[in-house]
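As structure tokens, the structure follows; a few thoughts come after it.
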Amino acid sequence: MQGQLRPTRSRSSTLLYVRRTPVLCVASALVTLALSGAASAHASTIYVLDESGTVTARENPLIPAGPSSQLPKYPGRALTVASAAAMPAQTASSRNLDSAVSRLASRGAISATTRADYNAAMGSARKAAGKLTGQRRKELRAVIANFNRMAKGGLVTASRLPALTETLRRNAQWWTDGSSLSYGQRVGFSGSELVWQAYPGQGLQIQWLGTFGYMNALWTAESKSSELRTLAREVSELAAARAGGVAWEYLFKFGGGRPPWVSGMAQGTAIQALARTSDRFKDRSLMTLAKRGLGIFRTSPPSGVRLKLAHGSHYLGYSYAPGQRIYNQFYQALRGLHDLADLSGDKNARRLWLEGQSRGRYELAFSNTGSWSYYQPGSLSTVGYHELLRDFLRGLCDVMTVDRQREAIALREKKGPAAVLSDFKNWPDPGPYCVMTKRFTDYLYKRLGTKAPTAAPR
């Protein structure tokens, strides 16, 4: 029966679909490589601030941890504490932002409740910025300054305001009552499942890749339904209109990019997580939201991440950097498109997936040095990013193998046992992804001075 089909050889830690039924492979459910964008099997420390102002360090194995779960520090380095200290002092002025919100309210673009929420958050932020000193004051003022510059550029819209408001509110709360933070530390707040991250000189920011990676992990851990529902509600409320759809935007300066910008990798993980959560709860609104997230994959930068090239489409890691092609980010975006197309049956998602994987097969050869992988053209991967790229390719190998097997069974059920799958355009060959997975694994063993284990006889 088609429902019993399993791939014959799979060592992936991703989830495969047969008749849209998730099948967990042998690896631990907590290691959600192509699900979370993380390459760590270790628990992540997250610092949670409660309503009383107490910070508690908690180990959470479902939250992506380590450098591979963060937006990488290229292009350009994220601001360090030292460089932030050398920056000109930010002012706490919010004149342009306040005016932009007033205009939105006067046009009826936002509700009275939305405006009241903003006024409360900005009032708390402005008050805190006036009382705080040192680095805490700089962090909070930098957040206000970023949003004020967005308003000056006409970039504060009704759909963006909830995320701006939440960011103001949480930064005022943390820098008043929370602990000092270094680059990359993960932060949470009681009553919320959003994952925040410290970017010194930029304050606390919602880490969308980490958030949707966490959402995928909650989906994998079936006992976490309550947390999954909470997070689904939160991310739904913070989606911003962009590129004819919606996007989860980054609202800080990073690597030469100015807010608001988007990541194809984070967005691919977002639509993947939302589609899976929709399937779990039979919540059609989440699937609709996931499909609206396709907008940036249809649109060229800087609004979107699509580069239409020979052999298909490349989906960028950073909307502001069209000249930068980061392999691991591209292949995770492809996985997200695949899973949305598979779970929803949406024709647009499938078209974007097929266009992307065609380009992905072409780029495979350029990601390989012959003894290691490239992070991007001309830049070698670290060991962590090499493993991450290998694992994303393994995930594509697995799901594409299942796609073909599933379609072949369906064809034979319809036309008889002699039927042969021949529509390779719609069901592309997973072979190149599988071959490169093995090569990158062999390179890793060689680099580490060990030999790959011999497969057990069947």
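Across the stretch 399-409, computed HN-Hα scalar couplings (Karplus, 6.51 cos²θ - 1.76 cosθ + 1.60, θ = phi - 60°) run 5, 6, 5, 5, 3, 5, 5, 4, 5, 5, 5 Hz from first to last residue, x flagging Gly and Pro. For the stretch 149-161, backbone phi angles converted through the Karplus equation (6.51, -1.76, 1.60; θ = phi - 60°) give residue-by-residue couplings of 5, 4, 5, 4, x, x, 9, 8, 10, 4, 6, 7, 4 Hz, Gly and Pro being listed as x.
Suppose R0 equals 22 Å; then what is the FRET efficiency for Ala109 and Asp283 from their Cβ-Cβ distance, rounded to the nearest 0.05? Spell out each step's value before the answer.
On the way: r = 27 Å, r/R0 = 1.24.
After rounding, the FRET efficiency stands at 0.20.
Ranked by how many other Cβ atoms sit within 10 Å of their own Cβ, fewest first, the residues Phe252, Phe189 fall in the order Phe189, Phe252. Modelled this way, with points 7 Å down the Cα-to-C-beta line, the labels at Asn348 and Arg58 are 3.6 nm from one another.
Throughout, read-outs are computed from the coordinates displayed, never taken from laboratory work. Quantities reported herein were computed from a predicted structural model and do not represent experimental measurements. FYI the Cβ positions are ideal-geometry reconstructions off the backbone, even for glycines, and counts take in every protein chain you see.
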